[in-house]
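This report concerns only the one structure given below.
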Amino acid sequence: MIAIIDEGMLDPAARLRELGRAVMTRYRNYEIVVVDNGLSVDTMIALRDLLAEEPCFRVLRLARRSSIDTAVFAGLEAAIGDFVVISAIAYDRQEHVLDVLDLLRDGHDVVQGESRGPLGGGPFARAGRRTFYWYNRRFLDVDIPARSTYLTGLTRSAANSLGAARRTHRYLRHLIRYIGYRVTSYRYDLDNPQARRIKPRPRLTDAIEMVSSYSTHPLRVVTLVGVVAGLLNLLYALYVIVVTLVSTHVTQGWPTTSLQLSAMFFIICTVLAVQAEYIGRILSESRREPGYVITEELESETLITERERLNVAAA
């Protein structure tokens, strides 16, 4: 499984230790991958102590701090096993992880965690989240539950399909619905969801990148606006010609001309803004730069309990 450590989480090593021992009671061979995505020095010291004491842990250290989804895919591409579970251990208890594993073993390919209660954040964050997910359902045909979390279970085939998506910008909750596997919802209660720190500005940036990376819908909307504006200008030109031929008292329409120019420049600027976003996305995709660089990989002294077996197996 892949463990996500939240910024400011108190004693994550203790939570990881509890998680490892809970999984150990059910499985003989497993691994817990922790991605160091800008962890503090104290947390890394605690994780090194954890590696010396507990089996089947791995820590991947990224060269620079990245988004949560980038860290998740770094762990996903390094994970082995028949099943992969992604969990934010600050809010997901070990019984939640075990429940998701049970669903995967029962034949479900993808399991998506969904909170029963509010996810936290201020009113602007909640409104923005609802608006974004509505837009995805309405225009992008991607039905993401408004209270979906990072708790996700994947079979090996589903995990391989996610890893095969060679995109610079990859988002877990979008891609699990793009790869074509049936997604099963798992509803549960988060631990202390009000402690989740949601910053509107990074979320807005992520939303723009998601839409521009996975759909051309904004570009088509702007195209439609441009066509409508062109037709209106054509009608206006015809109107000017008729008035000029019929009326003998035609004065300079400075206000009308100024209004028309202002509206057209607004539309042109909007079109250029959207096109610039897509050109930037094309540039970033064409570079094929890695989303992350692993500088160091740390392992427990006992990586697997049975050397002849590599994948997860039920006890």
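The values are calculated or read from the model by the stated rules, or taken from the named source; none is laboratory data. Remember, it's a predicted structure, so these values are computed and weren't measured experimentally. All Cβ positions, glycine included, derive from the backbone under ideal geometry; neighbour counts span all protein chains shown. Quick note on the areas: whole protein, heavy atoms, side chains included, nothing else; ligands and nucleic acids left out. Shrake-Rupley method; radii C 1.70, N 1.55, O 1.52, S 1.80 Å.
Things to note:
- Heavy atoms of LEU39 accessible to a 1.4 Å probe, total area in Å² rounded to 10: 40 Å²
- Per-residue SASA remark: ARG156, around 60 Å² accessible (1.4 Å probe; ligands, DNA and RNA not included).
- Backbone geometry of region 90-106 corresponds, through the Karplus equation with coefficients 6.51, -1.76 and 1.60 at θ = phi - 60°, to 3J(HN,Hα) couplings of 5, 10, 10, 7, 5, 5, 5, 4, 5, 4, 5, 4, 4, 5, 5, 5, 7 Hz, x marking Gly and Pro.
- Cα centroid separation, region 121-176 to region 50-70: 23 Å.
- Spin-label pair ARG105-ASP191: with each label point 7 Å from Cα along the Cα-Cβ axis, the two points sit 2.2 nm from one another.
- In order through region 68-77: 3J(HN,Hα) via Karplus (6.51 cos²θ - 1.76 cosθ + 1.60), integer Hz, x for Gly, Pro: 4, 5, 5, 5, 4, 6, 4, x, 5, 6
- Placing a label point 7 Å from the Cα of GLN275 along the Cα-to-Cβ direction, no residue of region 227-250 has its backbone N under 12 Å from that point.
- The P(r) of region 88-135 has a tail past 12 Å containing 72 percent of all C-alpha pairs.
- Theoretical gain in end-to-end length, VAL240 to THR257 [0.36 nm per residue, Cα-Cα removed]: 5.0 nm
- In this structure, the amide hydrogen of THR149, modeled 1.01 Å from its nitrogen in the peptide plane, lies closer than 5 angstrom to those of GLY113, GLU114, SER115, counting only residues at least 5 positions away or on a different chain.
- Two-decimal log10 I(q)/I(0) for region 112-182, as the Debye equation yields it once each C-alpha is a single scatterer, q = 0.20, 0.22 Å⁻¹: -0.94, -1.07
- Whole-number Å³ per residue for the convex hull built on Cα positions in region 68-150: 128 Å³
- Region 61-145: chymotrypsin sites (Phe, Trp or Tyr not before Pro) in DSSP coil with no more than 13 other Cβ atoms inside 10 Å: none
- Virtual spin-label span in nm between ALA229 and ALA63, 7 Å along Cα→Cβ: 4.2 nm
- Annotation: region 1-143 has a Kirkwood hydrodynamic radius of 16.7 angstrom, from the mean reciprocal C-alpha pair distance.
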